[in-house]
Every structure is written in C-alpha cells, then in structure tokens.
1. Just one of Ala34, Ala41, Ala14, Ala9 is within 9 Å of the chain's Cα centre (by Cα), assigned to a helix (DSSP H, G or I) and at pLDDT 95 or above; which is it?
2. Filter the range 17-31 for residues that are outside any helix (DSSP H, G or I) and surrounded by 12 or more Cβ atoms within 10 Å (Cβ to Cβ) and give the result.
3. In the range 7-28, which residue that is without any contact (Cβ under 8 Å) to a residue 40 or more places away in the chain and in contact with an Asp or Glu (Cβ under 9 Å, 6 or more places away or on another chain) is nearest to Arg45 (Cα to Cα)?
4. State all residues of the range 16-47 that are closer than 14 Å to Glu4 by Cα and among the small types (Gly, Ala, Ser); if no residue qualifies, say none.
Amino acid sequence: MADEVLRQAAEWFATLNADDADDTERQRWRQWLAADPRHAAAWERVEAMGQRFDRLSPRVDQLAARHAL
C-alpha cells in the first residue's frame, strides 16, 4: 500500500474523530473513500489501528494517541 494513501487515511481518521468534524468533511471523506479501492483498504487498516486506542486505559490520553497515529 502506498505510503501517501495510508497517510491520507490517517489524516481522514484524525479529521473525522475531531470534535468539530462536520457533514461537509464526512461527505468529502466518502468521496475520497469511493474514489479508489486503495483508499478503502487504507481506511480499514487505519480504523483497525484506531480501535486499538479505544481499548486503552482511560488514564491514557486517547486524543494524543489518535494524533500520534
């Protein structure tokens, strides 16, 4: 998988998980996701990594962990 596509997926993940994510951004993400099969594969990979952060102890700053992703 191309590093650029994976980077884009990670950026979308961070954008969509931000407190200020809006419908316009979600629509742009859907368009990005549908534009190329590699996008869906990268999204699945990043989302799976993000779910690992959800299982972290509440003592760990999940927002910081997501930004590190």
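The values are calculated or read from the model by the stated rules, or taken from the named source; none is laboratory data. Everything numeric here is computed off the predicted structure, so don't read it as measured data. FYI the Cβ positions are ideal-geometry reconstructions off the backbone, even for glycines, and counts take in every protein chain you see.
1. Working: Ala34 fails: within 9 Å of the chain's Cα centre (by Cα); Ala41 fails: within 9 Å of the chain's Cα centre (by Cα); Ala14 fails: at pLDDT 95 or above.
One residue alone meets the criteria, Ala9.
2. If the condition is that a residue be outside any helix (DSSP H, G or I) and surrounded by 12 or more Cβ atoms within 10 Å (Cβ to Cβ), then Asn17, Ala18, Ala21 are the ones that fit.
3. Ala9
4. Passing the criteria: Ala40, Ala41, Ala42.
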